[in-house]
1. In angstroms, what radius of gyration and Dmax does the chain have, counting Cα atoms only?
2. Which is farthest toward the positive dipole end of segment 2-62 among C62, P21, T40, measuring Cα position about the Cα centre, with Cβ charges +1 (Lys, Arg) and -1 (Asp, Glu)?
3. Where does helix 44-53 land angle-wise versus the long Cα axis of the chain, in degrees 0 to 90, nearest 10?
4. Sorting check: for 35-46, 1-12, which peptide has the highest mean count of neighbouring beta carbons within 10 Å, and how do the rest follow?
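Just so it is clear, none of the values below were taken in a lab; they were calculated from the coordinates. All values derive from a computational prediction rather than experimental measurement. Backbone-built Cβ (ideal geometry, glycine too); neighbour counts: all protein chains shown.
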Amino acid sequence: MKIIVDRKRCCGHALCNFTAPEVYLLDEQGYNSMGEFIVTEGHEDAAMTGALACPENAIRICDQTREEKD
Ligand code: F3S
């Protein structure tokens with residue numbers, strides 16, 4: 001599972017970090033600092049929960065499973 005954080009949309013609500021601190025880190029100003037990354041195995045549910053918690057829809061989930069199988 002790949003996550004893409006659109007940092008231009010991030011307004012620093014910090015709900016991603018509040019709900020999934022093991023996945024989403026914030027910078028010194030409280031903005032999501034993750035950019036684009038592959039979720040560590042076992043953290044997929046937390047990554048999804050954190051993404052859904054963002055009121056700005058700044059976090060996009062790319063499930064690569066299908067692409068890898070093709
Ligand atoms: Fe930013 Fe959304 Fe998290 S606005 S800090 S990505 S909850």
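1. Both quantities, over Cα of the chain: 11.7, 41 Å.
2. So the residue furthest toward the plus end is C62.
3. 40 degrees
4. 1-12, 35-46
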